[in-house]
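Asks: Handing you this structure, nothing more for now.
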2 protein chains.
Amino acid sequence: MLPREQIGLLKQADGRLTIDWADGHHSVFHYIWLRDNCRCPQCRHPNGQRLLDTASIPAGIAPTQLGQSQNKEVEIEWADGHRSRYEPAWLRAHCYSAAARADRRKTPRLWGADIASRLPQAEYAAIASDDGALRDWLAAIEAYGFALLYGVPARPGMVIEVVKLFGYVRETNYGPLFDVKSVVNPNNLAYTGLGLGGHTDNPYRDPTPTLQLLHCLSSSTDGGENTLVDGFRVAERLRTTEPENFALLAQNPVRFQFQDEDTDLSAEFPLIGLDARGAVAAIHYNSRSPAPFELDEALVEPFYAAYRAFVGLLASPELQIQFKLAPGDLFIVDNERVLHGRTGFSAAGQRHLQGCYADREGLRSRLAEMNRKRQTLGDIMPNDIIQEIFDAFAAHGDQLYVGEPVSMTEHMLQAAQAAEQDAASPTLVAAALLHDFGHLIHDLPEDSAEHGIDTRHEEVGAAFLARHFVPAVVEPTRLHVAAKRYLCAVDPAYLANLSPASILSLKLQGGPHTAEEARAFEALPFAAEAARLRRYDDAAKIAGGQTPDLEHYRPSLAAGLKTNPGSSQ
Amino acid sequence: MLPREQIGLLKQADGRLTIDWADGHHSVFHYIWLRDNCRCPQCRHPNGQRLLDTASIPAGIAPTQLGQSQNKEVEIEWADGHRSRYEPAWLRAHCYSAAARADRRKTPRLWGADIASRLPQAEYAAIASDDGALRDWLAAIEAYGFALLYGVPARPGMVIEVVKLFGYVRETNYGPLFDVKSVVNPNNLAYTGLGLGGHTDNPYRDPTPTLQLLHCLSSSTDGGENTLVDGFRVAERLRTTEPENFALLAQNPVRFQFQDEDTDLSAEFPLIGLDARGAVAAIHYNSRSPAPFELDEALVEPFYAAYRAFVGLLASPELQIQFKLAPGDLFIVDNERVLHGRTGFSAAGQRHLQGCYADREGLRSRLAEMNRKRQTLGDIMPNDIIQEIFDAFAAHGDQLYVGEPVSMTEHMLQAAQAAEQDAASPTLVAAALLHDFGHLIHDLPEDSAEHGIDTRHEEVGAAFLARHFVPAVVEPTRLHVAAKRYLCAVDPAYLANLSPASILSLKLQGGPHTAEEARAFEALPFAAEAARLRRYDDAAKIAGGQTPDLEHYRPSLAAGLKTNPGSSQ
C-alpha cells in the first residue's frame, strides 16, 4: 500500500471524520457525504449505479460507532443501524480538499503556431488495427483539441469509418456526411472557393456538434490550405490582456442563424462560454452566421470593440497553424475549442473534401475505457506526463528568460547540465530541468517583473509537478526562490554575483532572509538540495551555451515520477 | 404598411441614428451596427450568409449622407463611399431597445399537475400526413417540453420513424434505439422492474441528448406508470422560495458517470444550468449516476440541503403528472427540461418500451421552417396566443384571489361579465378578463401582500399583454391599480365600500391619490376606461357567482389582438 493510501490518524471532530494520511495529506469527510456514498449492495447496485436516494437520508445523520477494521477499511455504524465500509484508497481518491480537487482537475494543453513542428498525428492503418495507437491519437485530440490522420483511403464515405473507431456520427440537415467543394448556387459559403476565416461549425445549432472531421478526396487547386487556431488559448490570452473585453464576450450571447429552403436553424451562445466555475468551456464563432446583435444600448460600442479584439487575435500568425491536406489526409477538431478556416482556392483543378460531425462524449468514453484497461494492466503511462512537459517546453520555452540572454528552454537545459556536472542525483537533475516550469504553464506577459508583478512561478510549477513527481523533485523546485533569499543572507559573495535582473526580482521576492528566516529555511526538507539547485540556476544564463537536448533528460524525469516503482521518496 | 413599420422622425444625434416610429416606439441604431448589418450583395451573399468581416470596419465609421428614399428605405452613404439601404420593417424587426428585445424573447410555458387535463397530444396518422398537425405537435413540445402521441403502430423501430418526421436520431453506446424491459444482469437500472424517480437521461453524456422518445410495444404488468415533471417550473419555484439553494445548485456542478464493460462516460453539469443572462436553460439530474460530490468543505452541508430541497420539489404531487402508456402510445420529452420517471412494476406480465434519443435543433428547425411558410401565407396564428392565455388560466387560475372568496379565474370571469353587462366594448371586456393576468404568469407565493410584498402584477401583466394586444386592452389593465387610488381620492363612497383585503393592498400601492396625482391620472390615455374597469374588478368577488366560461370570451380577446386586421387602436 502506498503511503497516500495509508491512514495515519482517524478522528471525529466537529461532526466530521478527519483523516491524516501517512504522506502528510489531510482529509475531511462530512457524515452526510459518507452516508450518501455508502458502497454496500443495498445502497449501490452491482452495476455501479446508485440505489440510495440522497433525499431519504436523515438530515442530522451521524455515526454511533466508527473505526478501522483489521483489513484497514473505515467502518461506520449509523444511528439507524445501517453499516458502511470504505476502503482507504477509495476515500483518498475521493478526498475533496481544495488541493486534491485541484490535482484531479484536467486542464487543456493550450498551443500556438509552434505546434506546427510536432503536429499530433497518426496513420489510419495503425489506429484501425492497434488499440494503443488509437488511444494515443484520441488522447492527443482530447489534449490539443485536434489531430491529423494520414493514409485514410481516398474513397467516399471513409470519414464515417474513422468516426466508427471511437464514436457515432451526428446526422444533421447536411446529411450523415457532406461534400465540401465548389457548387453553383451554394446554400453555404463553404461550397464556394472563398477563403474562410477561423470559425467553429454550426454555432446556429444547439447542441452544436462537438467534433468535426474533414477528409481530403482530391486536391489539385491553387490555395485551399487549412488553418487551425486554439480558441481556448485565444480566450485565455484575452482574459489576461483585456479582461473587460473577455467579460463582455462571456456575458453577452450572440444569436447565430442559418436558413435555406427547408431549414431554419437559430441558437444563441456567447463567443466565449464559461462553465459554472468560470473556466473557458466552449467557443462559438463564425463570421458568416451571426444575426444582428441585440445588446443594451450602452454595450453596443464596447461589445463591438471586444468582438473585433477577439477576431483580431484569432488571425494572429503566432497563434495559428496552416497546412494543406493531400488526398488521404484527414483532420479532426473539437468544434467547441479549435477554430478551422481555409485560404481561398482557384476555380481550376479539383478540391473535394468530405466532412462529418460527431460528438466528444463517444471519444472520451472510448479513451477512458482504454485508459482504464491499461491501468488495470499496470501500465501507468509515465511517458504521457513527460510528453506533456516536453510539449510545454515546445509551446512556451522559446520566450526569453527575462533580462537574460537565453530562452527559458536554454536556461533550464543549462541548469540541468550544471546539475549533471555536479554529479547530482537524477531527481535533483530533474528538479534543475523543471525549476522554472511554472513559467511555461501560465500565460502572463513575459515582462511581468518589470511591471511589479510577482508571478509566483515556483508555486505554480510545484503545484503541477506535485501531481506527478516525488518530493525530491518537487520541493527543491518550490524552494528555489526562497533559496536565493537564503543564499543572499548567508553568502555575501553570492549576493555580489547576482545578475541585474535577478537583483530586480529579489526585491519582489522579499529581499535577503533575516537570520531567523534563514534558520527556518535550513530546517525545511530538501533545503540543502534547493540551495544546490539555486547555484545551477544562477549559472544557467550563458548566451549560446551548448547543452544536450530535452530527450537526454527523459531518464532523470522518469526516475522522479511518483508512478515509477523504483523512484525514491 | 403598419404604423409600427412607418418611420415618423429620422434623426442623427450623439453619433447614432434615432427613429421615432408612427406608433410611438423609439429606436436607436449605432453606426457600427448599421454598417455591420448592411444588406447589400457585397456584404451579404444571396444565400443570406454574411460576407462582410466585422473586424474590417473602421472603428469610427460614420455616414456622410443619411436619408429616406422615395420607397421609404433608409439610405446611408459611408465615409468610405460604401452605400447601405435598410427597409423600415427590417429595422423595426431588429430594434434592440430593451422593450423590443423583451418582446422578442421566448419564455417557456411552465406547468404543473393541472396540465393532466389538457395533455399536449396528437395522433400519429395525423402528424405523419398533415403538416399543420405536425406543426401543432412540435409547437407543443417546444412550449411545454413534452407531448404524447397515440396510435403509433406497436412495431419495433417505429420510434425512429417518429423522429424522422422532424429530425435525426442521436446514436449512442445504447444503439440507435434501445429496449426498456427487465433483463438479467442489467448494466442499467432502467432494465429492471424498479421504480425510477424523476430524472433526465444520460447527464453523464456531454452533449446530453436533448430529446428522448419512449414508445410502448407491450404493457401487461401491474405498475410501470410514467411520471413527468417540468424541471424549469421546479427550478423557478426554488429560485422564488429558496434563492440561496437555487444559487448553490446553479453554481456548483455535479459529476455524473456511467461505466460498463465497454463504456466510461463522465460529465459535469450543475443541476440547474443558467444561460449567460441568468435564465434557467438546462436541468441535469439522475439519482442513479452522480459521482461523489467534490465541493469546498464549507459548502458540503449547504449543498446537500439544496440538493435535497430540489429533489423534494421534483416529487411534489402538485408539480407532477402520471399516466400509463398503452401499446401504440409514445411520449417525447425535452431531456434538458422535463424529468421523467416511472413507478415500479411487477415481474408478471410484459412491459416493453423502445426508446431513442434525438436533438431539439432538428425539431426547432422544422418548426421554424413550417411557421415561416405559414407566415408567408399570411396566417398569423392569433389562436396560439389565446391558447397560451387559456393555458395560464388553467395552470395558475385556481389559486385563491387573496383574501376574497373566489379563485383568480372566477374573479376575472366575473369582471369580464360585469363589463359585458355594462355594454363595454370588446376591448374593454378583454381588458376586464385579463386585468389580473400578471398574477398568473409569475411564481410568487399567494400571500405576498400579507408579507408586505407588492408584486406589481399590473406591470407584469401589461408587459406580456403589450406584445400581443392593442393599447385599448393593455392600458386599462396597466392602470387598474392606479385607478383604485384615483377612485379613492375622487369618490368617498368608493373608498367606503372597499373590501378589507383591498384596503390592505391600497397601502402597499401608495394610498389614495393626492389632488395633483388625480389630475395627472385623468390626463392619461384610457384613464376613463381604467376607472370603469376598476369598478368591474371590485364587483367581481362574489362567492359562487355564475359566469360564462373562458371560451365565451375568445371573440373579445381576438378583437383586441394587434394581429387582427379589424382591431381598433
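Read-outs: derived from the displayed coordinates by stated rules, not from any lab. Predicted model only: the values in this text are computed from it and were never measured. Glycine also receives a Cβ, built like all others from the backbone with ideal geometry; neighbour counts cover every protein chain displayed.
Asks: Going by Cα centres, the stretch A:274-323 and the stretch A:333-372 are how many Å apart?
Replies: Cα centres, the stretch A:274-323 to the stretch A:333-372: 21 Å.
Asks: For B:GLU516 and B:GLN6, what does the FRET efficiency come to when R0 = 30 Å and r is the distance between their Cβ atoms, rounded to the nearest 0.05?
Replies: The pair B:GLU516/B:GLN6 has a calculated efficiency of 0.25.
Asks: Can you tell me the order of A:492-501, B:23-32, B:208-217, A:153-162 when each peptide is scored by its average per-residue count of other Cβ atoms within 10 angstrom, highest first?
Replies: Most protected by this proxy first, the peptides run B:208-217, B:23-32, A:153-162, A:492-501.
Asks: In terms of modelled amide H atoms, which long-range or inter-chain residues lie less than 5 Å from the amide H of A:GLY8?
Replies: Here A:ASP20, A:TRP21, A:ALA22 satisfy the definition.
Asks: Given R₀ = 45 Å, what would the calculated FRET efficiency be for B:ALA93 paired with A:THR343, taking r from the Cβ atoms and rounding to 0.05?
Replies: E between B:ALA93 and A:THR343, to the nearest 0.05, is 0.80.
Asks: Moving on to the next point. Mind checking Rg over Rh on the protein assembly as shown, alpha carbons, Kirkwood formula for Rh?
Replies: The Rg/Rh ratio comes out at 0.99.
Asks: Can you compute 3J(HN,Hα) from phi for each residue in the stretch A:297-313, using the Karplus curve 6.51 cos²θ - 1.76 cosθ + 1.60 with θ = phi - 60°, rounded to whole Hz and x for Gly and Pro?
Replies: Values per residue, Gly and Pro as x: 3, 6, 9, 4, 5, x, 5, 4, 5, 5, 4, 5, 5, 5, 4, x, 4 Hz.
Asks: Describe numerically, in nm with one decimal, the distance between label points set 7 Å from Cα along Cα→Cβ at A:GLN68 and at B:GLN421.
Replies: About 8.3 nm separates the two model spin labels.
Asks: Here is a follow-up. In whole Å, what three semi-axes, largest first, describe the equivalent ellipsoid of chain A built from its Cα gyration tensor (square root of 5 times each eigenvalue)?
Replies: 44, 35, 24
Asks: Which whole-angstrom value gives the distance between the alpha carbon centres of the stretch B:1-60 and the stretch B:90-160?
Replies: The distance from the Cα centre of the stretch B:1-60 to that of the stretch B:90-160 comes to 33 Å.
Asks: Turning to a different aspect of this structure: Suppose each label sits 7 Å from its Cα in the direction of the beta carbon; what would the B:SER220-A:SER129 distance come out to in nanometres?
Replies: Those two pseudo-labels are separated by 5.3 nm.
Asks: Same structure, new question: Under the definition of Cα pairs under 8 Å and six or more residues apart, what whole-number percent is the relative contact order of the stretch B:122-245?
Replies: Relative contact order here is 18 percent.
Asks: Take the Cα gyration tensor of the stretch B:118-269, multiply each eigenvalue by 5, square-root it, and list the three semi-axes largest first, rounded to whole angstrom.
Replies: Whole-Å semi-axes of the equivalent ellipsoid: 28, 23, 16.
Asks: Let me ask something else about it. Taking Cβ-Cβ under 4.7 Å as the only way to count a partner, pick out the unpartnered cysteines of chain B.
Replies: B:CYS40, B:CYS95, B:CYS216, B:CYS356, B:CYS488
Asks: OK, next. Calculate, in whole percent, how much of the Cα-Cα pair population of the stretch B:190-349 lies beyond 24 Å.
Replies: The proportion of pairs with Cα distances above 24 Å equals 36 percent.
Asks: At 7 Å along Cα-to-Cβ for each site, give me the label-to-label distance between B:LEU119 and B:ALA13 in nm.
Replies: About 5.7 nm, to one decimal.
Asks: Quick one: Karplus J couplings for the stretch A:195-202, per residue in order, coefficients 6.51, -1.76, 1.60, θ = phi - 60°, nearest Hz, x for Gly and Pro?
Replies: x, 10, x, x, 8, 9, 7, 6
Asks: Over the C-alpha atoms of the stretch A:471-569, what are the Rg and the largest Cα-to-Cα span, Dmax, in Å?
Replies: 15.4, 43
Asks: In addition: Got a sec to turn the phi values of the stretch B:505-516 into Karplus ³J(HN,Hα) couplings, 6.51 cos²θ - 1.76 cosθ + 1.60 with θ = phi - 60°, whole Hz, x for Gly and Pro?
Replies: Once θ is set to phi - 60°, the couplings for the stretch B:505-516 become 6, 4, 4, 4, 7, x, x, x, 4, 6, 4, 5 Hz.
Asks: For a Förster distance of 22 Å, can you work out the FRET efficiency between the beta-carbons of B:ASP23 and B:ARG85, rounded to the nearest 0.05?
Replies: Calculated transfer efficiency: 0.45.
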